[in-house]
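The values are calculated or read from the model by the stated rules, or taken from the named source; none is laboratory data. Keep in mind the model is a prediction, meaning the values are calculated, not measured. Note that each Cβ is placed from the backbone with ideal geometry, even for glycine, and that neighbours are counted across all protein chains shown. Accessible surface is based on the protein model in full, side chains and every heavy atom, while ligands, DNA and RNA are left aside. Shrake-Rupley method; radii C 1.70, N 1.55, O 1.52, S 1.80 Å.
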Amino acid sequence: MISHQRQATDLNAIKIFIVDDHTLLREAWKMALAADASFTVVGEAGNGEEAVEMVPKLRPDVVTMDINLPGINGIEATKQVRRMLPGVKVLGISLHNQPSYARKMMLAGAMGYVTKNSTKEEMFQAITEIHQGRKYVCQEIKNILSSQLVDEEEDRIKIEALSLREIEIIRYIVKGSSSKEIAQELFIAVKTVEVHRYNILKKLKLKNAAGLVNFINNHPMLNV
């Protein structure tokens, strides 16, 4: 009776194909997945080319795809695998915790993304979620996105505190104009320009003009 139950569980197990260029890591994942009756590993590849060749033949339910692969990278391999086997679910895995990498993988066709800092339990959860047709992004990425949203809101408040004159002076600073040149252009005293520069840095919580230029480059909402 126990043997029959085990066989039924195996038949319902999520079939997984592992793609990673580190042999020891693939072995570790296979051992971890083999310990859970919900999963079964049907194949593995050490590079993108092998993955593109083998996945359509083995037809797994889920492919765990490392982004940094020799030859065809994980993003391109995901595109090709999904093109040949639209029903397969791809879980992107990477050392990179920048949300931009997760976005690139999702745009390539991945259903989920976890970092290599994620726990085994979170990886299992991600596999289960995407197998059931739901998208999954790991908690580490979510935390970074939340932090970025808070930072963006704080920056928006800083920008809204600037006066029209200060924004006008920022345009000249970004162009590399000196306080004397700005004063001549705007027909105001050099001292007045210096006061504005001081207030701009104070409102934006920046230390110098270089920091201001960097801030402007990263905040197109300022529109200068």
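A Gaussian network model of the chain, with springs between Cα atoms under 10 Å, assigns the largest mean-square fluctuation among 22, 131, 96 to 22. Its Cα gyration tensor gives region 122-198 an equivalent ellipsoid; the semi-axes, largest first and in whole Å, are 50, 11, 9.
Split the accessible area of the chain by element, probe 1.4 Å, and carbon with sulfur accounts for 53%. Placing R0 at 25 angstrom, the Cβ-Cβ distance between residue 190 and residue 146 gives a FRET efficiency of 0.05 after rounding to 0.05. With springs only between Cα atoms under 10 Å apart, run a GNM on the chain and tell me which of 41, 52, 213 wobbles the most. Of the options given, 213 has the highest mean-square fluctuation. Only helical runs count toward this figure. For the chain, summing -39,500 (n - 2.57) over DSSP H runs of n ≥ 4 and dividing by all residues gives -18500 deg cm²/dmol at 222 nm. For the residue pairs 15/142; 15/120; 158/207; 142/205, alpha carbon separations beyond 23 Å are given by 15/142; 142/205.
Over the chain, the Kirkwood radius and the radius of gyration, each from Cα atoms, give a ratio Rg/Rh of 1.24. Note on region 95-224: the alpha carbon radius of gyration divided by the globular reference 2.2 N^0.38 Å gives 1.55. Across 45, 108, 161, mean-square fluctuation computed from a Gaussian network of the chain (C-alpha pairs under 10 Å connected) peaks at 161.
Working note: Cα gyration tensor of region 58-142, eigenvalues times five, square-rooted, sorted largest first, giving semi-axes of 18, 15, 11 Å. Starting from a Cα-only point model with no solvent, please compute log10 I(q)/I(0) by Debye for region 1-113 at q = 0.10, 0.13, 0.18, 0.21 1/Å. Ignoring solvent entirely, the Cα scatterers give -0.29, -0.47, -0.84, -1.09. Across all directions, the average flat footprint of the convex hull enclosing the Cα atoms of region 9-53 is 3.0 nm².
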